[in-house]
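The values are calculated or read from the model by the stated rules, or taken from the named source; none is laboratory data. Keep in mind that what you see is a predicted model, and the values were worked out from it rather than measured. No Cβ is skipped: glycine too gets one built from the backbone with ideal geometry, and neighbour counts run over all protein chains shown.
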Amino acid sequence: MAPPLHVGVAVGATARGRSHERRGALCEDVVRTAGGPVAVAALADGAGSARHARRGAEVATIAVVDLLRARFVDLVAGGPRFARDAILSAVDAAIDEEAARIGAALRDLASTLLFVAVDRDRFLAGHLGDGLIGVRRAGRAELLSAPANGEHANETVFVPTRSGDSDLRLYAGATTGVDGFVLLTDGAADGLWGLRPGSTAREPSPVLERWWAGLDTAPPSEVAAAIEAGLRGPVREVTRDDCGVAVVRRVAFGCGGAARSRELLGRCGRRATRTRSRVLRAWSAGGPDTTIQATARRAGLTVTAVVKHLAKLERLGWT
Amino acid sequence: MPTPRPDLAVRPTDLTPSPTTFLPVVVVVDTSGSMEGAPIRELAAGIEQFFRDVDADEDAREACEIAIVEVGGEARVVRGFAPARDGARVCLDAGGVTPMGEGVTLAVELLERRKRDYSASGLRYFQPWLVILTDGKPTDPTTAAEARVAELVKARKLTVFPVATGPDADLARLEALAGGVKPARLAGLAFRELFRWLSASMSVVSRSRAGTGVALPSSFAWIET
């Protein structure tokens with residue numbers, strides 16, 4: 001029996017905090033996600049003192065997600081120093097360019113940055129500033145990267161860094177036993193991975209486990225909508241700050257209903273979803289050495305149809 | 001927005017209540033003999049109004065913990081750290097000399113101890129504030145206090161607001177006690193305006209977050225120009 005095929009899924013949402021809402025300011029937390037062979041999520045929280053905080057956070061997340069999607073394998077293979085330099089160069093360059101374009105100072109685009117990228121075998125996560133990164137290891141949520149605050153509550157570090165030996169913390173490793181990640185900005189971390197009363201220990205919220213598990217059975221868009229509803233509702237009530245969350249997980253095909261299948265198989269029509277599903281199951285059942293002809297026989301489809309759908313599945317990241 | 005699937009929805013029991021981030025403030029007030037009469041009455045009225053203003057502010061009310069050190073004859077704590085709502089009335093009596101070095105040392109010790117208490121309880125705090133109000137010059141040695149405050153100010157671990165009241169205040173000594181921060185001179189007996197500005201400033205800090213440049217209110221009606 002061949003192992004089930006998997007695909008990386010990343011979903012996220014943000015919500016404007018009560019403090020910004022009261023002052024009519026924009027939400028300065030930005031999330032960006034991408035699924036596929038390398039599932040990537042990035043969160044940034046624009047610095048409160050930055051005049052273009054939201055734009056800075058957007059630029060940082062776009063730069064890091066694009067880089068990780070394009071060069072994940074190189075970055076992991078090159079080692080931590082290489083990865084750190086490449087990531088900071090890409091983010092700093094994007095901020096430089098944007099600052100020049102809009103005529104702003106670099107500090108006006110400052111933001112924190114959290115990201116994670118995961119393929120079938122490895123992950124690479126990074127964290128600069130406050131907020132936190134959690135990991136699901138052997139079915140339990142653990143803190144991977146704690147907030148980097150100064151002594152005082154309103155102090156942290158930001159991109160752009162302009163420092164060779166920056167505060168960016170990188171985490172890389174095998175995905176063996178690791179089956180999910182969560183990124184939280186400081187506002188969301190207050191409620192979702194907060195301090196136990198009277199203690200310095202943080203505790204993950206049970207809802208994180210339900211969101212990870214939800215990706216196994218629900219359409220990703222439904223999990224994203226639930227995260228957004230949670231942030232706009234109860235989570236926002238326990239903090240005044242903007243809130244941002246991203247959840248990443250590699251999921252298997254076959255559980256959940258037609259809506260989930262349709263999303264995971266490329267949002268095609270019902271008939272195409274059914275056909276692609278047959279191809280995927282036949283391909284999976286054939287094991288790693290299976291051929292297109294064998295897959296076509298097993299699926300009861302023509303070789304042409306199998307080639308077309310396998311190409312699409314590969315582009316979607318099914319491995 | 002559609003209602004999420006029940007198992008994906010956030011329930012109140014899923015959340016940790018966000019602990020308050022504290023702003024510890026010590027106000028060192030000169031209550032030496034020269035403050036007798038209208039100055040001490042206006043100072044007391046200003047402090048009472050200060051507590052009312054802080055308590056009325058949604059952000060400052062939870063965050064600010066205010067202690068008061070009186071320097072008149074001796075230095076003593078007349079109010080330990082507490083939220084503004086816990087006892088607005090502080091009895092101040094003018095009399096005696098001005099051991100301001102002792103008063104500032106006591107205030108810094110109070111702040112250091114409070115920070116340790118916060119840390120031990122896993123609580124976060126903003127950079128502490130030290131407000132110094134005096135109408136004269138210190139009558140005791142101030143070298144140690146000056147060095148300690150200067151060290152904290154340089155390390156960005158303390159925000160100091162030195163305010164001189166009356167024409168006889170020694171601005172140079174006050175500046176030295178404030179770690180090199182230039183003192184402001186109070187316009188007449190505008191203690192109420194000063195404390196109103198302080199409470200508004202504390203509100204700004206209380207709602208600041210990482211990376212927020214703290215722009216304090218620019219209404220300086222209390223400063224002599």
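Miscellaneous remarks
- Among residues that are surrounded by 16 or more Cβ atoms within 10 Å (Cβ to Cβ), touching a Ser or Thr at 6+ places or on another chain (Cβ under 8 Å) and either under 28 Å from B:Ser206 (Cα atoms) or at pLDDT below 90 (or both), A:Ala153 is included.
- Boolean, B:Val78 is in contact with a strand residue (DSSP E or B) (Cβ under 7 Å, 6 or more places away or on another chain) and either in contact (Cβ under 8 Å) with a residue 24 or more places away in the chain or β-branched (Val, Ile, Thr) (or both): yes
- Within the stretch A:123-150, restricting attention to residues that are assigned to a strand (DSSP E or B) and surrounded by fewer than 19 Cβ atoms within 10 Å (Cβ to Cβ), the residue that is modelled with the lowest pLDDT is A:Asn149.
- Residue within the stretch A:207-222 that is among the β-branched types (Val, Ile, Thr), surrounded by fewer than 21 Cβ atoms within 10 Å (Cβ to Cβ) and at negative phi present: yes
- Verdict on B:Leu174 being at pLDDT 90 or above, within 14 Å of another protein chain (Cβ to nearest Cβ) and farther than 18 Å from B:Ile47 by Cα: no
- Candidates A:Gly244, A:Gly233, filtered to the one that is in the same structural domain as A:Ala42 (by TED's automatic domain parsing) and without any contact (Cβ under 8 Å) to a residue 24 or more places away in the chain: A:Gly233
- Filtered by the rule that a residue be surrounded by 14 or more Cβ atoms within 10 Å (Cβ to Cβ) and of a type in the set (Val, Ile, Thr), the stretch A:268-304 gives A:Thr273, A:Thr275, A:Val279, A:Thr290, A:Ile292, A:Thr295.
- Residue list for the stretch A:104-114, restricted to those being at pLDDT 95 or above and over 13 Å from A:Glu58 (Cβ atoms): A:Leu114
- The stretch A:189-230 - residue that is farther than 22 Å from B:Pro17 by Cα and not aliphatic (A, V, I, L, M) and, of those, nearest to the other protein chains (Cβ to nearest Cβ): A:Gly214
- Highlighted here are the helices (runs of 4 or more DSSP H) found entirely within the stretch A:176-253 that include at least 3 residues which are under 21 Å from A:Gly126 (Cβ atoms): A:186-192.
- In the stretch B:20-39, the residues that are within 14 Å of another protein chain (Cβ to nearest Cβ) and surrounded by fewer than 19 Cβ atoms within 10 Å (Cβ to Cβ): B:Thr20
- Residue that is surrounded by the most Cβ atoms within 10 Å (Cβ to Cβ) [pool: residues in the stretch A:90-113 that are away from every other protein chain (no Cβ under 14 Å) and among the charged types (D, E, K, R)]: A:Glu98
- Here the condition is being under 27 Å from B:Ala60 (Cβ atoms), out of contact with any Cys (no Cβ under 9 Å at 6 or more places or on another chain), surrounded by 14 or more Cβ atoms within 10 Å (Cβ to Cβ) and not aliphatic (A, V, I, L, M); of B:Gly96, B:Gly179, B:Gly166, B:Gly101, it holds for B:Gly179 alone.
- The residues on offer are A:Ala189, A:Ala225, and the sole one that is modelled with pLDDT of 95 or more and under 16 Å from the mean Cα position of the chain (by Cα) is A:Ala225.
- Output for the stretch B:117-159, where each listed residue is in contact with a helix residue (DSSP H, G or I) (Cβ under 7 Å, 6 or more places away or on another chain), within 14 Å of another protein chain (Cβ to nearest Cβ) and in a strand (DSSP E or B): B:Tyr125
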